[in-house]
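In what follows, a structure is listed as structure tokens, so that the remarks can point back to it.
The values are calculated or read from the model by the stated rules, or taken from the named source; none is laboratory data. Just so it is clear, the model here is predicted, and its values are computed rather than measured. Heads up, the Cβs are rebuilt from the backbone with ideal geometry, glycines too, and the neighbour counts pull from every protein chain shown. Areas reflect the complete protein model, heavy atoms only, side chains present, ligands, DNA and RNA absent. Shrake-Rupley method; radii C 1.70, N 1.55, O 1.52, S 1.80 Å.
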Amino acid sequence: MYYDALKTFVTLVEVKNFTKTAEILLMSQPSVSLHIKKLEEEFQTKLFLRSPKFLKVTLTGEILYDRAKQMITIYEQTRQDIQEHDRSIKGELKIGASFTIGEYILPSLLIDLQEEYPELELQVVIGNTEEIVQAVRLYKVDIGLIEGQTNEKELSVHPFMQDELFIVSSNNHELANKDDVEITDLHDQAWVTREVGSGTREYLNHVIRSNGLKIKSILTISSNQGIKETLIKNGSGLALLSRSVIERDVQNKILSIIQVKDESFNRTLSYVYSPIMKDKKNVKTFITELNKKWPMKAKPIG
């Protein structure tokens, strides 16, 4: 069984240093070298290009890295399944969530899970949609929640919520107090938006393209809170944000919704996982609770 060698290889790829790898895995540096040598002999290929100044993974090493992550996950999941002697929900559950979901939607479910399953250790990683998809694919998380789309054919994707987005601005924006806003009023406006790779940015790009909007400028900020603060301080900017992100700010009259005539902006939020995670008890429990909490129904801002 090459489990230890594969674990050593994956760690070395990620930290790119023999000494650090040895420290992380609590082994000697010669043992790290021996594991890598064993794998290179097994697969009859060079896995790393080495020099005193750098360590670089070869193309065949990159192929093995993806497969090794899968094999390690399958092995550890099998061991966990065998060691479970009862039906209690316990152990770790690693959840990846895109920013909008992780910061504004997921917390209430996490509280419910803590109360219902106190032995379940929840770990949450937040990133943009593209980052979360990759974390799921490489088994850095057990399940991911995303607001954008993915073309990863290796993953299973399921919708769990309809999310409405709104164009928002500061209260003193020229469109904030206009009664009838047409889509053409959005021409030549300054936008504040999320980074490339986020589901929110992807959706804004879709709105701009599908309506042929001309953009005055785009300011990119990789934080929903940062976008809102920028709108408040810069009276001329617009943003397209999820209902969950702006609801409190609109109710407290900090931001204004710009309601475009005959237009609504809706998207589907989804959970995504690798097929080998389908039967993991903690993942199944999470999905059940997720679907129980949020039926597929959009909620208007009150």
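Things to note:
- Residues being outside any loop (DSSP other than H, G, I, E, B) and over 18 Å from residue 73 (Cα atoms) - total across region 1-23: 7
- Selection within region 197-221 - under 23 Å from residue 100 (Cα atoms) and among the aliphatic types (A, V, I, L, M): 204, 207, 208, 218, 219, 221
- Among the numbered conditions (1) among the hydroxyl-bearing types (Ser, Thr, Tyr); (2) outside any loop (DSSP other than H, G, I, E, B); (3) within 23 Å of the chain's Cα centre (by Cα), the only one that residue 210 does not meet is (3).
To keep it simple, each residue is scored yes or no on (1) under 30 Å from residue 233 (Cβ atoms); (2) of a type outside the set (Ser, Thr, Tyr); (3) touching a Leu at 6+ places or on another chain (Cβ under 7 Å); (4) without any contact (Cβ under 8 Å) to a residue 40 or more places away in the chain.
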| site | (1), (2), (3), (4) |
| --- | --- |
| 138 | no, yes, no, no |
| 155 | no, yes, no, no |
| 162 | no, yes, no, no |
| 172 | yes, yes, no, no |
| 179 | yes, yes, no, yes |
| 185 | yes, yes, yes, no |
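- From the list 195, 174, 152, the lone residue that is assigned to a loop (DSSP other than H, G, I, E, B) and more than 17 Å from the chain's Cα centre (by Cα) is 174.
- Total residues in region 213-222 satisfying the condition of being out of contact with any helix residue (DSSP H, G or I) (no Cβ under 7 Å at 6 or more places or on another chain) and open to solvent by less than 50 Å² (accessible area, probe 1.4 Å): the figure is 0.
- Restricting attention to region 223-272, the residues being surrounded by 14 or more Cβ atoms within 10 Å (Cβ to Cβ), touching a Gly at 6+ places or on another chain (Cβ under 8 Å) and in contact (Cβ under 8 Å) with a residue 40 or more places away in the chain number 4.
- One residue stands out among those in region 85-116 that are outside any helix (DSSP H, G or I) and out of contact with any strand residue (DSSP E or B) (no Cβ under 8 Å at 6 or more places or on another chain): the one that is least open to solvent (accessible area, probe 1.4 Å), which is 88.
- Selection status of residue 119, closer than 19 Å to residue 92 by Cβ, of a type outside the set (A, V, I, L, M, F, W, C) and without any contact (Cβ under 8 Å) to a residue 24 or more places away in the chain: no
- Sole residue being of a type in the set (Asp, Glu), part of a helix (DSSP H, G or I) and more than 30 Å from residue 142 (Cβ to Cβ), chosen from 229, 247, 263: 229
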